[in-house]
1. Can you sort F148, F128 by how many other beta carbons sit within 10 Å, fewest first?
2. With the crude spin-label approximation of a point 7 Å out along Cα→Cβ, what separation in nm comes out for N89 versus C159?
3. How charged is the neighbourhood of F104? Take every other residue with its Cβ under 15 Å from the Cβ of F104, and add Lys/Arg as +1 and Asp/Glu as -1.
4. By per-residue mean of other Cβ atoms within 10 Å, what is the highest-first order of 115-125, 29-39?
Amino acid sequence: MGILSNKISRDEVRPGDHIYSWRTTYTYAHHGIYVDDGQVIEFTHTPTAWTSLSKSSSSTKLPCRICRGRSKSGGVTSSCLDCFLGGGNLYRYEYNVSGAALLFKVRGGTCTLAASDPPEDVLYRANFLLRENGFGVYHVLENNCETFAIYCKTGLVSCKKNWLGSSGQATAFAAAVAVIALPGPGFCAYNVARLINDVGMPWRRKSGNDVIKVPVEELVATRKPA
Ligand SMILES: [Zn+2]
């Protein structure tokens with residue numbers, strides 16, 4: 001792993017790591033928590049009737065022999081590392097980086113200023129959420145696979161309504177839209193937006209602001225359907 005890339009080999013991945021893999025020509029990344037023995041816990045969108053139908057009619061691929069394609073059910077699920085990567089490379093998300101390091105990584109959704117809790121805390125949250133399938137409803141910007149992995153690593157959630165949550169990808173996407181609207185100085189604005197909206201930014205943790213630390217039992221109780 002270096003300054004330019006978070007890419008790692010399979011030998012380097014450790015239990016409790018937040019890992020990700022790029023999809024569809026680097027347009028977005030899929031995130032999860034590496035558990036052990038090649039298992040990953042992840043948060044995925046629930047397939048709609050239409051996507052299930054189109055998948056079953058267009059694909060004759062058999063389910064994976066290791067995890068049996070468990071992640072296809074949606075919500076908090078587990079899969080094997082091969083299914084998680086989907087043929088892509090393995091990357092490790094970085095925590096506790098400096099503001100300069102965050103800005104140096106031009107792509108959003110690869111690192112954060114926030115510090116990670118110890119691996120045992122991370123694995124406890126991930127396994128609890130898996131058992132209860134309790135991370136709520138998937139939302140591409142506000143409650144996605146990156147939000148899930150950041151929560152497992154830090155216990156931090158964004159509680160502000162209509163906010164971009166803790167996802168670096170979502171913040172970068174919103175900032176990029178602003179750049180398209182305002183080219184030139186927009187690139188500078190893009191990076192400033194990524195930095196000030198990072199989940200680890202102290203102003204987001206201060207009383208009255210939106211990021212708070214929530215025990216996993218409490219989170220599940222508030223997100224489970226009544
Ligand atoms: Zn599999």
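Here, each number is a calculation from the coordinates, and none is a lab measurement. Since the structure is predicted, the reported quantities are computational estimates derived from the model, not experimental observations. Backbone-built Cβ (ideal geometry, glycine too); neighbour counts: all protein chains shown.
1. Fewest-to-most Cβ neighbours within 10 Å comes out as F128, F148.
2. Roughly 4.0 nm, to one decimal.
3. In short, +1.
4. Sorting 115-125, 29-39 by mean packing, highest first, produces 29-39, 115-125.
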